[in-house]
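Notes to accompany the following structure.
The values are calculated or read from the model by the stated rules, or taken from the named source; none is laboratory data. Given the structure is predicted, the values throughout are model-derived calculations rather than measurements. Methodologically, a virtual Cβ is constructed for each residue, glycine included, from the backbone with ideal geometry; neighbour enumeration extends over all protein chains shown.
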Amino acid sequence: MAQLKPPLLVINFKAYSQSSGKKGLELAKVAEDISKETGVTIAVAPQLTDLAFIAQNVEIPVLSQHVDNVNPGAHTGHVTLEAIKDAGAVGTLLNHSEKRVRIDIIDDIVKKARKLDLVTLVCANTAEVSAAIAALNPNMIAIEPPELIGTGISVSKAKPEIVTRTVELVRKVNREVIILTGAGITTGEDVEKALELGTSGVLVASGIVKAKDWRKAIFELIKPMMK
C-alpha cells in the first residue's frame, strides 16, 4: 500500500476510445509525470487489453478494472488475480456499478488478493453497502451513487450526506480502509469538498479521460491535495 498513499487520485479509463491502446499509455504517462512533479499519488486503471502494456511502461500504480473469482485453469474468458499480477498490476477495482459483483464473491476476491499482496478498491453505491463491504476488509472503498456517474454532477456537492454517512458507517466497522469519493467528480472544488467530507481522495473517469487537455484536467483535480 506504500504506492497508494493518500490523498490519492485514481483514474478509471473504462472502455473509452480516448484511453485505449497507445492513447491509454499517453494518458498514463501524463499522470505519471504529474505524480512525480507534485508528489501526489495518482493510479490508473486501464482497459484489460492494455493492462500489461501500460503497467510495464509507467512507474505509478496500475490497477485492473475487474477480476473474476476463479483460480488459474480452464476458465476461458475469465481474468484471474494471478494474471493481473503477472501483467504488473498492483491490484484491482471491483464492483463498479457497470460491473456488479455479489458480496460473497467480493469477499473471496479480497481474501485471495491479500494472499497475493494485491490491493482491492471496491466500489459501493450506498453508505450501507459501503459499511458491509468495509467489514470484508478491502484496502479501499469508493462511494459512487450510480445515478451521478458520468453526469459531471459530483456526489460530494450534490449529495454530500451520502459521503458523510458512508464515512460514519464505514468507520464503525473498519478504521483502516481508505475511503474515496466517486461519481461526477470534474473540478478541484469537487475534490476539495470530498476531502472536507472525510474521504481520502477520488475515483474519476470521464472528467479526465474525455478532457481535451489531460494535464490541465489532472492538475485541476489534484490542486486541493497539494495543500
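If you take the residues of region 108-154 that are of a type in the set (Asp, Glu) and surrounded by fewer than 18 Cβ atoms within 10 Å (Cβ to Cβ), which of them is modelled with the lowest pLDDT? Show your work before the answer.
Going through region 108-154, the residues of a type in the set (Asp, Glu) turn out to be 108, 117, 128, 144, 147.
Still in the list and also surrounded by fewer than 18 Cβ atoms within 10 Å (Cβ to Cβ): 108, 117, 128, 147.
Working: ASP108: 98, ASP117: 97, GLU128: 93, GLU147: 58.
Filtering first and then ranking leaves GLU147.
Yes/no matrix, rows are residues, columns are (1) outside any loop (DSSP other than H, G, I, E, B); (2) touching a strand residue (DSSP E or B) at 6+ places or on another chain (Cβ under 9 Å); (3) among the polar types (S, T, N, Q); (4) over 30 Å from GLY198 (Cβ atoms):
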residue: ALA74; (1), (2), (3), (4): no, no, no, yes
residue: HIS78; (1), (2), (3), (4): no, no, no, yes
residue: GLU82; (1), (2), (3), (4): yes, no, no, yes
residue: ASP86; (1), (2), (3), (4): yes, no, no, yes
residue: THR92; (1), (2), (3), (4): yes, yes, yes, no
Original post:
Could you say whether any residue in region 117-127 is in contact with a Leu (Cβ under 8 Å, 6 or more places away or on another chain), assigned to a helix (DSSP H, G or I) and either among the aliphatic types (A, V, I, L, M) or in contact (Cβ under 8 Å) with a residue 24 or more places away in the chain (or both)?
Top reply: yes
**OP:** Just give me the residues in region 162-181 being farther than 12 Å from ALA134 by Cα and outside any helix (DSSP H, G or I), in sequence order.
**Re:** LEU180, THR181
